[in-house]
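Chemist: Structure below; questions to follow.
The values are calculated or read from the model by the stated rules, or taken from the named source; none is laboratory data. If you're wondering where the values come from, they're calculated on a predicted model, not measured in any experiment. Methodologically, a virtual Cβ is constructed for each residue, glycine included, from the backbone with ideal geometry; neighbour enumeration extends over all protein chains shown. Accessible surface is based on the protein model in full, side chains and every heavy atom, while ligands, DNA and RNA are left aside. Shrake-Rupley method; radii C 1.70, N 1.55, O 1.52, S 1.80 Å.
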Amino acid sequence: MDYDLNAIVTPYVTSYIREKTVQKDEFLRGLEKYAEENRIPIVEPETARLLSVITKLVKPAKILEVGCAIGYSSILMSRSLAQDGQILTLEYDPVMVKTARENVKKAGLEGIINVIEADAKDYLAYLDEDEIFDVIFLDGPKAHYLYMLDDAVRLLKKGGLLISDNILFKGMTADDDHFARRKVTIIHRLQEYIDALMSHPQLETSILSQGDGVALSIKTVSDFERFGY
């Protein structure tokens, strides 16, 4: 059997998982079709299901998303919010911002999802520490993850979850002999980002070979804080 060297998981396993991972939400299925037809990148189907399961477990009151695109992930995660929950999502591309806002309106989520046109790495630095989030989902420019990490940790509540998508980048971050030279900057920065996640004193991180690679990082609580010292 031949294998696609650009795949993280062998293609027949990916095909099997995707065959079983059918989106039940009609509105989200419509967005998936639109994204496919217009070649707009959204989260992989298995990553979308992971997001749905995790957010249902966490029941977050506040989510921060970096990289909105057409609004697919925000709308997906909105299904799992706590009562009166809110999502702040950032997008740099004005065309995507317009499309996302239209989709949010069609979904009846204008009071729940706030789409901001902004460069995330600059915008996060200006958010006050009072803006604490239960979940932060990074799905924007991969080369910028490293520069957003400090602010992401600062804005994440203790016990909160940082989700970083596409960190294995078709497997390229795992092997210096296996990446396109034009991607060298992104790959090296993702490698640095993974190292920073794994060594961060406030985070406990697990890397999953889900979709295009997902890191789940919990902001830990010290023993002093846990026992009220």
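Chemist: If you place +1 on the Cβ of every Lys and Arg and -1 on the Cβ of every Asp and Glu, how big does the dipole about the Cα centre of the chain come out, in debye to the nearest 20?
Modeler: For this selection, approximately 520 debye.
Chemist: So, one more: Considering Cα pairs under 8 angstrom that are at least six residues apart, work out the relative contact order of the range 1-159 and quote it in whole percent.
Modeler: Relative contact order here is 20 percent.
Chemist: Further question: For the range 102-229, calculate the relative contact order in percent as a whole number, restricting contacts to Cα pairs under 8 Å that are 6 or more residues apart.
Modeler: Answer for the range 102-229 is 24 percent.
Chemist: Continuing with the same structure: Looking only at trypsin sites (Lys or Arg not before Pro) in DSSP loops with at most 16 other Cβ atoms within 10 Å, what is the longest site-free stretch of the chain?
Modeler: Value returned for the longest uninterrupted segment is 80-229.
Chemist: Going 7 Å from the Cα of VAL184 toward and past its Cβ, which residues in the range 107-147 have a backbone nitrogen under 18 Å from where you end up?
Modeler: Answer for this model: 143.
Chemist: Now, a different point. Cα extents of the range 99-227 along the three principal axes, largest first, in whole Å?
Modeler: 47, 47, 26
Chemist: May I ask for the Rg/Rh ratio of the range 1-134, computed from Cα atoms with Rh as the Kirkwood radius, given to two decimals?
Modeler: 1.00
Chemist: Leaving out ligands, DNA and RNA but keeping every protein chain, what accessible area does ASP122 have, in Å² rounded to the nearest 10, with a 1.4 Å probe?
Modeler: 80
Chemist: Which is farthest toward the positive dipole end of the chain among ALA120, TYR145, ILE70, measuring Cα position about the Cα centre, with Cβ charges +1 (Lys, Arg) and -1 (Asp, Glu)?
Modeler: Going by the Cα projections, it comes out as ILE70.
Chemist: In square angstrom, what is the accessible area per residue of the range 70-171 with a 1.4 angstrom probe?
Modeler: That works out to 43 Å² for each residue.
Chemist: Next question. If you add up the charges near LEU138, with Lys and Arg at +1 and Asp and Glu at -1, over every other residue whose beta carbon is less than 10 angstrom from its beta carbon, what do you get?
Modeler: That sum, taken over residues with Cβ under 10 Å, equals -2.
Chemist: State the volume of the convex hull built on the alpha-carbon positions of the chain, expressed per residue in Å³ and rounded to an integer.
Modeler: Per-residue hull volume (Cα only) is 143 Å³.
Chemist: Calculated from DSSP H runs of 4 or more alone, at -39500 (n - 2.57) each and per residue, what is the 222 nm mean residue ellipticity of the chain, nearest 500?
Modeler: Value at 222 nm, helices only: -12000 deg cm²/dmol.
Chemist: May I ask which of LYS56/LYS170; LYS106/LYS170; LYS56/LYS157; LYS33/LYS121; LYS62/LYS106; LYS98/LYS121 have a Cα-Cα span longer than 25 Å here?
Modeler: LYS56/LYS170; LYS106/LYS170; LYS33/LYS121
Chemist: Which whole-number percent of Cα pairs in the range 22-101 have a distance greater than 19 Å?
Modeler: I get 34 percent for the Cα pairs in the range 22-101 exceeding 19 Å.
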